[in-house]
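**Student:** Pasting a structure below so you can have a look.
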Amino acid sequence: MEINGIAHIQITAGRYDEARAFYSKLLPFLGLKQVLDNEYGYYCVGGRTGVLISKPAPEYDGERFVQTRVGLHHVCFRARSREDVDEAHAFLKTLGATIVRAPQEDGWAPGYYSILFEDPDGVRLELNFVPGKGVFATDEKALKSTYPKSILS
């Protein structure tokens, strides 16, 4: 068996109204089309990816994401070019998004180019472009020296 990607990601937003306003601009910008917007949440699909933003249980209303808790660390969307990453950076600034790291090359894979930002609840989001074979062009020894040990162990 070999999976065919990730069908969808669901993010429970502590401040749903703010998150919905943010994602209702971001997701269409990324090419995803709205397929649901009701009491269950806001859901967009495109690029073989679905993203659902949902309301929290009442006792968690208003809470913020903590990246180092058990569970989700961040979500990374794949871009088709470096220019797409740069365009997203400019767009995110118009939204007032928190930019953790402006577009730059990293050593994760040859040519890895990405931006790291946060949604209104502090959920870390990344948009990257990796040319060619990506990590498959990097041998395991080089990966171990590049990736933090916590990712590979």
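**Student:** Let's see if you can work this out: charge +1 on each Lys and Arg Cβ, -1 on each Asp and Glu Cβ, no other charges. What is the dipole magnitude of the chain about its Cα centre, in debye to the nearest 20?
**Tutor:** Its charge dipole is roughly 320 debye.
**Student:** How many times 2.2 N^0.38 Å is the alpha carbon radius of gyration of the chain?
**Tutor:** Expressed relative to 2.2 N^0.38 Å, the Cα Rg reads 1.09.
**Student:** Can you list the HN-Hα couplings for the range 52-57, worked out from phi with the Karplus curve (6.51, -1.76, 1.60; θ = phi - 60°), rounded to whole Hz and with x for Gly and Pro?
**Tutor:** 10, 9, 10, 7, x, 4
**Student:** For the chain, what is the calculated [θ] at 222 nm in deg cm²/dmol (nearest 500), taking -39500 (n - 2.57) for each run of four or more DSSP H residues and dividing by its residue count?
**Tutor:** Here the helix-only value at 222 nm equals -7500 deg cm²/dmol.
**Student:** Here is a follow-up. Could you go through the range 61-73 in sequence order and give the Karplus-derived ³J(HN,Hα) for each residue, using 6.51 cos²θ - 1.76 cosθ + 1.60 with θ = phi - 60°, rounded to whole Hz, and x for Gly and Pro?
**Tutor:** After applying 6.51 cos²θ - 1.76 cosθ + 1.60, I find 4, x, 6, 10, 5, 10, 4, 8, 6, 4, x, 4, 9 Hz.
**Student:** Sticking with this structure for a sec: Given H placed 1.01 Å from N in the peptide plane, which residues other than close sequence neighbours of T12 have an amide H under 5 Å from its amide H?
**Tutor:** Here the answer is S54, since their amide H atoms fall under 5 Å of that of T12.
**Student:** State the antiparallel share, in %, of DSSP beta bridges confined to the chain, rounding to the nearest 5.
**Tutor:** 70
**Student:** Which order do the peptides 12-20, 119-127, 74-82, 34-42 come out in when sorted by mean C-beta neighbours inside 10 angstrom, highest first?
**Tutor:** Highest to lowest by the protection proxy: 119-127, 12-20, 74-82, 34-42.
**Student:** A further question follows. Treating cross-link reach as a plain straight distance, find the aspartates and glutamates whose alpha-carbon is under 20 Å from the alpha-carbon of K33, omitting any fewer than eight places away in the same chain.
**Tutor:** Within reach: D17, E18, D84, E87, D119, E126.
**Student:** Apply the Karplus parameterisation 6.51 cos²θ - 1.76 cosθ + 1.60, with θ equal to phi minus 60°, to every residue of the range 23-30 and state each ³J(HN,Hα) to the nearest whole Hz, in sequence, with x for glycine and proline.
**Tutor:** 5, 5, 9, 5, 4, x, 4, 7
Every number here is computed from the coordinates shown, using simple stated rules; none is lab data. In this text, all values refer to a predicted model and were calculated from it rather than measured experimentally. Glycine also receives a Cβ, built like all others from the backbone with ideal geometry; neighbour counts cover every protein chain displayed.
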